[in-house]
Structure formats: structure tokens, C-alpha cells
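Visitor: What follows is a single structure, and I will ask about it in a moment.
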Amino acid sequence: MGDDRDDRASRFLHLLRGESAHGPGRGLGRFARLLGGGVGLARRMVRAGRDGAKAEPSARDLRQFETLVRQLGELKGLPMKLGQIVSYLDIDLPEEQRGILSLLQTQSPATPRTEVERVVREDLGARAATLLAGLDPEPVAIASIGQVYRGRLADGAEVAVKVRHPTIDEAIRSDFRAASIVTTMAGAMVPGMGATARDFVAELRTRLLEECDYGLEAERQRLFGRLFAGHPVIVVPAVYDEWCAPRVLTTSWEPGRDFEPFRFVASQEERNRAGAALFDFYIGTLYRHGLFHADPHPGNYRFRPDGRVVVFDYGCVRVFEPQVAAAFSRLSRAVRDDDRAAVCDALRGLGAEPSANDAAYDHLRRLLRGFFGPLLVTGPHRIDGRIVVKMGEVARDKLALARLRLPGRLMFLFRIRFGLFAVLSRLGAVNDWADLERRYLEESPRVRS
């Protein structure tokens, strides 16, 4: 049985990585494919919540699921990112299907090599021939915005070269033109929901289009490189400026184990060390510098034998103003102290409008304590990342968030932070997360000021 599964997985990976015949697409054709892929994934999640992780999928189920995953991968952009997120959230999904879906963390249908070379030549001009001569024939990773090749420069330096999918920016704009219809309908059905939804969609659109700008990504990667220079665990790949352009990003090649192989062989001590470092990378950086790396999915890490963790992909980074970072710090303290007045004050500092209604506050309190949950438990413990898909509860939470009128940038931050907790849960790291966050709060100059 195990050999059959391995053969199936190998065959599907080969199929998934095949060159794309259609590309991401745009307009009505893309919208129809997007709608089909999104509905298909939603149905699978609902079925998984009903049947449980132990349900054995039939051969037909697996074939249909593979078709869905390839469709999400071919669309790239937002639908592929949705598949990535679902693959590491702790929902009741059979492991064989989760394994198929998790391939989207680093693999999808490839942009043809001829198109890749055209992009490099257009962006680098005369320098392109030198860079292309050192690239491996096949990409090592095919992501939602670009694909990555291993290469070697003329001086022998080993590099990773990421080249953007040629029309992905147009595809993303097309997706959000369709999304505007949905937000308009939400505003018509639920008073107050429309403005919140529009703000969130606008924030998401901005972040995804920023990911298409590799010049901006290079700048942010250099910034994180400076912040984590000398860190005992975190490694940020170096940027080779002379080989970068708006659609080409060249960085040092950093080997190591992928997330799933690492978590299967790592000792508990190694898991704990890696988990604490990732928590520092995401949460500590937010409190100390007002920076948030907003893409904590397992495909963005490599784990070295010496215990260090390489973090890739700096396209989705949010920079928060000092007053916002300070208000978020106050909110963390207030939730931990269960202080209603302080919670409402901090939320107003974040631009939200908390209700004075007791029932509304009780719902808000449950949401916030769920959001900060791992940080409210003292002592070393493993984060419980289990998420049960109950559509009624999800709908009520969305209505509560709509009434709160959170700015889109903060709703985005909340959702991504749940992603980090899911990664740490799957990693199985045990730490005193509350003590770690308390330490970051004390280190924050914005809290003391």
C-alpha cells in the first residue's frame, strides 16, 4: 500500500510540475476557472469537517482532488495561496489528500523555459546571457508569483534565481475586479460588512501586487538580513543586487531540509529551538521594529543540520506605523490581563470601533482570546492549531469582525498570525510562548516610550 501511494505521489508531482498550457489567464476565462477551483476546495473542506481525517478517500476522490490541486496551481496568485494555507491548517483532512495539497507550497505547473528566458533578457539586458548560462534546466520550486532556479555565477557562487511569471500581475488585478462584486453584495446584505470587506480586499490586493515587485522584495530582504545578522538560528539569504531587476531576484543558495522531512526526523529539542526562532522572527520583529513577514507557510523554510533555519520569500511584508505597533502591544497586554477598558482603548488605537454592548463585547472577547490563545497559557506547552470547520461559527465571527470595523491591514495581520500558530502546531514545538512574547514586549522601544 505504501509503495502504491509513493508511486501515485511521484506520478502526480511529475504531472503537477509540467509546463502550463494555459498560464494564469485573465478576464472571464480566469474568473470561471477561479470560481470552479474555489468552490471545489470549499466543498472538500466542508466534507473533511464532516467525515474526519480518518476517512479513506477512494481512487476516484484522489483523482478529482489531484485535478483540483493542479487547477489551483495553474491559476497561481490568490487561489494557489489559498491552497497553500489550507494545506498546513490543522483541519480534518485525510493525510493523503493533505500531502497532495501541500505540494502547492513549492510546486505547480511551470512557466515554459522560453518565457522565463524572455523575462530575464528583457529585465537584465546584456547581463542576462551570463546569468542564464549558469541556471539549471529545471526549476527547483514553482510558486504562486514566480519560479526558482538553482544557478551558479561566473565567480562560482551558488545562487537561487527567482523569475516572475510573466502575466501574474494582470491575473491578480483580474481576480480583484471580480472580488469587488462580492464585497458590494456583502455591503448590501449586511450593514457595515461592505466597508470592512472592501478595506480587507484592498489591503490584500496591495500586498499581492507588491509581491510582484522583486525590486521591493530585494529591499525588504536586505532589511531583514540586517536585522537578523548574527542571529544564532535565523538565516536570511543574501541578495546579489547586480543580478536583480523588477522581475528577477537573485540571492544566495541556502540548502537544508524541507519542513515535512525535518519535522519527521527532528528531536523535540530541535523542534523547540526552531519553533522559538520562528516565533522570534514573526512576533519579535513586529514588536521591536513594526515589521511583519506575512507569509508563514512551510514552503518558506529550510532546516540545516547545525540547527539553523533559513527563511525565504520577503515579498509579503507589512510595515506598521509606530503608533499601530504600540497599540497592538497594548492589546496583547490587555487581552492577557482580561481588562475590558484597556482592550477597547487599544482597539481604538488600532482604528477599530468596539461596541459598548455587553453581548457584542463577550463575542469580541472570545475572538481575541482565541487569537492570542497560545500566549495566555503560562509555562512550556505545544500550540493547539486544530481548526474545526463549522460554517455557522465562521459566519458569526465574520459578522462580529464586521461590526468591529477593523481596518483591513489588521484583519490581514490577524489571519496571518493564525497561520503562524498552525505552522508551530504542525512543527510540534514546545516553548513558553507567553514568556517569549512578554520578553519581546519589554524589548519594544515603542512600548516603553
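The values are calculated or read from the model by the stated rules, or taken from the named source; none is laboratory data. Everything numeric here is computed off the predicted structure, so don't read it as measured data. Cβ sites come from the backbone with ideal geometry, for glycine too, and all protein chains shown count toward neighbours.
Visitor: If you check every pair at least six apart or on different chains, which have Cβ atoms under 6 Å apart with a residue in segment 353-373 that is not assigned by TED's automatic domain parsing to the domain that holds Val343 first and a residue that is loosely packed, with under 15 Cβ neighbours inside 10 Å and small (Gly, Ala, Ser) second?
Guide: none
Visitor: List, please: which pairs have Cβ atoms under 7 Å, are six or more places apart or on different chains, and start with a residue in segment 297-317 that is closer than 24 Å to Glu211 by Cα and end with one that is hydroxyl-bearing (Ser, Thr, Tyr)?
Guide: His297/Tyr88; Pro298/Tyr88; Gly299/Thr106; Val309/Tyr301; Val310/Tyr301; Val311/Tyr301
Visitor: Also, quick follow-up: Of the conditions (1) at pLDDT below 65; (2) under 23 Å from Ile145 (Cβ atoms); (3) crowded, with 17+ Cβ neighbours inside 10 Å; (4) aliphatic (A, V, I, L, M), Ala32 clears all except one; give me its number.
Guide: (3)
Visitor: Now for a separate question. Restricting attention to segment 94-122, which residues are under 27 Å from the mean Cα position of the chain (by Cα) and either of a type in the set (A, V, I, L, M, F, W, C) or over 30 Å from Glu56 (Cα atoms) (or both)?
Guide: Ile100, Leu101, Leu103, Leu104, Ala110, Thr111, Pro112, Arg113, Glu115, Val116, Val119, Val120
Visitor: Looking at segment 340-386 only, could you name the residues that are modelled with pLDDT of 90 or more, more than 27 Å from the chain's Cα centre (by Cα) and either among the aliphatic types (A, V, I, L, M) or over 30 Å from Leu427 (Cβ atoms) (or both)?
Guide: Selection gives Arg340, Ala341, Ala342, Val343, Cys344, Asp345.
Visitor: Quick check on my filter: what residues within segment 121-138 are in contact with a strand residue (DSSP E or B) (Cβ under 8 Å, 6 or more places away or on another chain) and under 14 Å from Leu249 (Cα atoms)?
Guide: Asp123, Leu124, Leu131, Leu135
Visitor: Within the group Leu93, Leu72, which residue is in a loop (DSSP other than H, G, I, E, B), assigned by TED's automatic domain parsing to the domain that holds Leu13 and of a type outside the set (Val, Ile, Thr)?
Guide: Leu93
Visitor: From Ala327, Ala277, which residue is buried (at least 19 other Cβ atoms within 10 Å of the Cβ), among the aliphatic types (A, V, I, L, M) and modelled with pLDDT under 90?
Guide: Exactly one of Ala327, Ala277 is buried (at least 19 other Cβ atoms within 10 Å of the Cβ), among the aliphatic types (A, V, I, L, M) and modelled with pLDDT under 90, namely Ala327.
Visitor: List, please: which pairs have Cβ atoms under 6 Å, are six or more places apart or on different chains, and start with a residue in segment 233-251 that is of a type outside the set (Lys, Arg) and end with one that is modelled with pLDDT of 95 or more and in a loop (DSSP other than H, G, I, E, B)?
Guide: Val233/Arg308; Ile234/Phe228; Val235/Arg308; Val236/Phe228; Pro237/Glu254; Thr250/Tyr240; Thr250/Cys244; Thr251/Pro237
Visitor: Oh, and also: Picking from Ala110, Ala126, Ala143, Ala133, which residue would you name as being modelled with pLDDT of 80 or more, out of contact with any helix residue (DSSP H, G or I) (no Cβ under 6 Å at 6 or more places or on another chain) and closer than 18 Å to Leu82 by Cβ?
Guide: Sole residue among the options that is modelled with pLDDT of 80 or more, out of contact with any helix residue (DSSP H, G or I) (no Cβ under 6 Å at 6 or more places or on another chain) and closer than 18 Å to Leu82 by Cβ: Ala143.
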